[in-house]
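One structure below.
Coordinate-derived values only; no laboratory data. In this text, all values refer to a predicted model and were calculated from it rather than measured experimentally.
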Amino acid sequence: MECPNCHVELPSRQCPECGEKIPLFGKFCCFCGSALPDLDLDDKPADDLGDFSERILCSDGTCIGVINEHGVCSECGKPYKGEME
């Protein structure tokens, strides 16, 4: 799913009801309105966490997230703006 403003590819999943591509952490499908099951993030294998020393922290000074492979924060969804000064 692509952000309509900055055109960054956002993490997404498929709606189980209508099959459309929707935001990964949505509570409802933005196309058909169906309630979505919560994602169980605790099932993620420990070896997928990566090397902590290579993580890039969110450039928003108040957020605790890290920048994911799509260039956006895993917590707030903001695109990476570079190092904070």
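For the stretch 1-22, what are the residues that are in a loop (DSSP other than H, G, I, E, B) and among the polar types (S, T, N, Q)?
Selection gives N5 alone.
Taking the stretch 8-39 as the region of interest, how many residues are more than 16 Å from the chain's Cα centre (by Cα) and of a type in the set (D, E)?
Looking only at that region, the number is 2.
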